[in-house]
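*Asks:* Can you keep this structure in mind? I'll have questions shortly.
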Amino acid sequence: MSNTLRMVSGADLDPRALNAARLQVWPEEENSADCIASVLRLESHHSAAFVEDGRVAAFVDGFLTYSGEGVPRWEVDLLGTLADYRGQGLARRLIEDNLRAGWQRGASFSRALIQLENHASQRAFAACGFAPADGVVRLWVCSRPLSEPAPLPPGQHLVPVETFNYRGVWLEGKLSAQGLRAARAWLPQGGGQICGVLMPREREDLHQAAQNEGYAWVNDYQWWLLSRLEQGRKEE
């Protein structure tokens, strides 16, 4: 690793430099320097980056969410390394730093949603002790707010989130078409841009319901998980 690279975190990060790096890793994403600046001020988040001469070489953002049962979880949501800096172990070091922040905030476990073809991320998370969960999930998103009321059915849970890319809500639990509508109805109330849901790849009925509600398929993913207890055992 270059001697001029240094890790910077939180309020010391430059949102514009982070956004420039994010757009190099994911050029299809929209410009969101203002969104990143907002995230950097949130106590529930921990963002860090390796920086060289003002340029962001690699970055990560993680944040706390709660399950429907109230279990605190640490979401390693966004991890990226610019092409010129890959192969130096930067992603692994950022994940380790992010995990420490998650445990300090009381998370019981950490998880990362990784695209099936993203083998570089899989290797980095595996090196930090994460393991893939069983099954493949399909991500669907919708940016069409619903103006009419749509109550959330029992057994389903809305998780408001703010990320480098968007402000929105995730739908979790025992999924249904009514839950998909409730997530859309949250958007104008919560000031969100996107609602998203992960469904088992084999549940064609749910995929059809998502399409009917105006959701669009993004890609197929797998959850990678690490419990705080399991990491502690590995470090003993």
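The values are calculated or read from the model by the stated rules, or taken from the named source; none is laboratory data. Given the structure is predicted, the values throughout are model-derived calculations rather than measurements. For neighbour counting, all protein chains shown are included, and Cβ atoms are generated from backbone atoms with ideal geometry for every residue, glycine included. Note: accessible area is taken over every heavy atom of the protein model, side chains too, but ligands, DNA and RNA are not part of it. Shrake-Rupley method; radii C 1.70, N 1.55, O 1.52, S 1.80 Å.
*Asks:* Cβ-Cβ below 8 Å, separation at least six or inter-chain, first residue in region 208-233 and without any contact (Cβ under 8 Å) to a residue 60 or more places away in the chain, second of a type outside the set (Ser, Thr, Tyr) and open to solvent by less than 40 Å² (accessible area, probe 1.4 Å): which pairs?
*Replies:* Ala209/Leu180
*Asks:* May I ask you to say which residue of Val137, Val161 is of a type in the set (A, V, I, L, M), over 29 Å from Gly10 (Cβ atoms) and under 15 Å from the mean Cα position of the chain (by Cα)? I'd like the intermediate steps shown before the answer.
*Replies:* Values: Val161 fails: over 29 Å from Gly10 (Cβ atoms).
Residue meeting the stated conditions: Val137.
*Asks:* Let me ask you something else. Checking Leu187 against (1) under 27 Å from Arg16 (Cα atoms); (2) open to solvent by 20 Å² or more (accessible area, probe 1.4 Å), which single condition isn't satisfied?
*Replies:* (2)
*Asks:* Can I ask one more? Report, by residue number, each residue of region 153-191 that is farther than 23 Å from Val39 by Cβ and assigned to a strand (DSSP E or B). So that I can check it myself, show each step before the final result.
*Replies:* Within region 153-191, the subset farther than 23 Å from Val39 by Cβ is 153-156, 173-182, 184-185.
Gln156, Gly173, listed by residue number.
*Asks:* Suppose we filter region 131-152 for residues that are touching a Lys or Arg at 6+ places or on another chain (Cβ under 9 Å), open to solvent by less than 60 Å² (accessible area, probe 1.4 Å) and either over 30 Å from Ala37 (Cα atoms) or assigned to a loop (DSSP other than H, G, I, E, B) (or both); how many remain?
*Replies:* The number of residues fulfilling the criteria is 6.
*Asks:* In addition: Is it the case, given these coordinates, that Ala127 is under 24 Å from Arg6 (Cα atoms), open to solvent by 30 Å² or more (accessible area, probe 1.4 Å) and of a type in the set (A, V, I, L, M, F, W, C)?
*Replies:* Details: under 24 Å from Arg6 (Cα atoms): yes; open to solvent by 30 Å² or more (accessible area, probe 1.4 Å): yes; of a type in the set (A, V, I, L, M, F, W, C): yes.
When the stated conditions are applied, Ala127 passes them.
*Asks:* I've got another one for you. If a residue has to be open to solvent by 30 Å² or more (accessible area, probe 1.4 Å), among the small types (Gly, Ala, Ser) and over 16 Å from the mean Cα position of the chain (by Cα) to count, how many in region 39-64 make the cut?
*Replies:* Going through region 39-64 one residue at a time, the tally reaches 1.
*Asks:* Just name the residue that is farthest from Gly155 (Cα to Cα) out of those in region 192-209 that are in a loop (DSSP other than H, G, I, E, B) and open to solvent by 50 Å² or more (accessible area, probe 1.4 Å).
*Replies:* Taking the candidates together, the pick is Gln193.
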